[in-house]
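To start, the structure itself, in structure tokens.
The values are calculated or read from the model by the stated rules, or taken from the named source; none is laboratory data. Quick caveat, the model's predicted, so the values are computed rather than measured. Every residue, glycine as well, gets a Cβ built from its backbone with ideal geometry; the counts of neighbours run over all protein chains shown. For accessibility, only protein heavy atoms count, side chains too; no ligands or nucleic acids. Shrake-Rupley method; radii C 1.70, N 1.55, O 1.52, S 1.80 Å.
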Amino acid sequence: MGQDPNGNIALERMQYIVHRGSPRFVGAVGAMKVVQLIDSGEPVGTIVLQAEKSAELAEGIVRLARSPLYERAEVKTLEAAVEFLGYDELRRAMLTLAISCWAEECPVSGAYDPFAFRRRAVSHALLADAIAKRLKLAEPTKYFVAGMFSDVGYMFIALHIPFVIDHIALTKSRTPNVPLRECEERCLGFAHSDLSAVACKEFSLGEDVTEAIRFHHEPSYAPEGSKVIADVVHVSSYMLDRIDVLPVKSLPVAPVDASAYSRIGLHPDDVSVLEEQVLQRADEFLSAVRTSIAA
């Protein structure tokens, strides 16, 4: 389960889709480089120098710090904005910019709505992060990243072979008892979670996050080093599915693996109150990031 079903051929196809199409967006390359510098623990000065290579990105970070999301902080320079936002919040902003701008390049299909996808991605990131903090897990930003990118495979499919999204939805509707992974493998030769994992490996998001993403619909099969992240992402995915915040609207809600709740010591009622808060925060965050950085 959760493995590349067709060996090297499927892997090569997924790599081709990712390489053929790293999506283009304003400040994207710079944003991902900022994330890498943050992950490496580089000083503020190094991050500022990187951000300054893109005038749009540098100006956008300052506007973001001044946005209503942060009660219009009084910052005037890029360095002050980076220091005010802090590494965790700046990292979240860079990743959110990436996913939100990618979605806009995708052609609209009957099954795939780029705007709904963008909202789902950010909501998933914030909810996974909130659950990790509620459970007092180490490195909650990893859970944010895993939630954000867990369904990015759908975005790549929609960007390059959009008709397949509709085909997956049709196949699933005609064979409701067949698991989603199997429907996707019939249509593509691999599942969207496999493609998400390949993309995340290309973006160097870390092996533990990458493997958690690969297994987020089957967390019981995740490697030990990724299982807790996979469990949290699985639970947060199910919570969002249940309230109709879906990555692909026409697909049914994926079944929940109840053992994921028990492994992380969480009861569904413990975090259901977070859903409304997360959706509001996601909308505010998307609005501020898109208005500030991608303007």
- Item | Hits in region 201-231 - residues which are of a type in the set (D, E, K, R) and under 26 Å from Lys33 (Cβ atoms) | Lys201, Glu202, Glu207, Asp208, Glu211, Arg214
- Note on the structure: By residue number, the members of region 191-209 that are free of Cβ contacts under 8 Å to residues at least 60 places away in the same chain and either farther than 28 Å from His167 by Cβ or open to solvent by 10 Å² or more (accessible area, probe 1.4 Å) (or both) are Lys201, Glu207
- Every residue from region 142-190 that is closer than 30 Å to Gly225 by Cα, touching a His at 6+ places or on another chain (Cβ under 8 Å) and open to solvent by 20 Å² or more (accessible area, probe 1.4 Å): Leu180, Arg181
- Query: Looking at region 113-191, what helices (runs of 4 or more DSSP H) fall wholly within it and have at least 1 residues that are in contact with a Lys or Arg (Cβ under 9 Å, 6 or more places away or on another chain) and of a type in the set (Asp, Glu)?
  - Reply: 114-134, 180-188
- Just a yes or no: is a residue in region 40-62 open to solvent by 40 Å² or more (accessible area, probe 1.4 Å), over 21 Å from Phe203 (Cα atoms) and among the polar types (S, T, N, Q)? no
- State which residue is nearest to Gln277 (Cα to Cα) when the search covers only region 80-119 and only residues that are modelled with pLDDT of 75 or more, surrounded by fewer than 17 Cβ atoms within 10 Å (Cβ to Cβ) and over 16 Å from the mean Cα position of the chain (by Cα). Gly86
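Which of the residues belonging to region 254-265 are closer than 27 Å to Pro176 by Cβ and outside any loop (DSSP other than H, G, I, E, B)?
First, the residues of region 254-265 that are closer than 27 Å to Pro176 by Cβ: 254-261.
Within region 254-265, Ala258, Ser259, Ala260, Tyr261 qualify.
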- May I ask you to verify whether Val235 is in contact with a helix residue (DSSP H, G or I) (Cβ under 6 Å, 6 or more places away or on another chain), modelled with pLDDT of 90 or more, more than 24 Å from Asp39 (Cβ to Cβ) and not aromatic (Phe, Trp, Tyr)? yes
- Task: Filter region 1-20 down to the residues that are within 20 Å of the chain's Cα centre (by Cα) and either among the small types (Gly, Ala, Ser) or open to solvent by less than 30 Å² (accessible area, probe 1.4 Å) (or both), then identify the one that is modelled with the highest pLDDT.
- Result: Met14
- Query: Any residue in region 255-275 that is within 28 Å of Ala65 (Cα to Cα) and either among the charged types (D, E, K, R) or touching a Leu at 6+ places or on another chain (Cβ under 8 Å) (or both)?
  - Reply: yes
- Message: Can you go through Ser250, Ser220, Ser226 and tell me which one is outside any loop (DSSP other than H, G, I, E, B), within 21 Å of Ala121 (Cβ to Cβ), in contact with a helix residue (DSSP H, G or I) (Cβ under 7 Å, 6 or more places away or on another chain) and not aromatic (Phe, Trp, Tyr)?
- Response: Ser226
- Residues of region 266-286 being open to solvent by less than 60 Å² (accessible area, probe 1.4 Å) and assigned to a loop (DSSP other than H, G, I, E, B), which ones? Leu266, Ser272
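Applying the selection to region 194-214, what residues are in a helix (DSSP H, G or I) and in contact with a Phe, Trp or Tyr (Cβ under 7 Å, 6 or more places away or on another chain)? Steps first, please.
Let us first name the residues in region 194-214 that are in a helix (DSSP H, G or I), namely 194-202, 207-214.
Across region 194-214, the qualifying residues are Leu195, Ser196, Ala199, Cys200, Ile213.
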- Task: Output the residues belonging to region 193-213 that are hydroxyl-bearing (Ser, Thr, Tyr) and more than 12 Å from the chain's Cα centre (by Cα).
- Result: Ser204
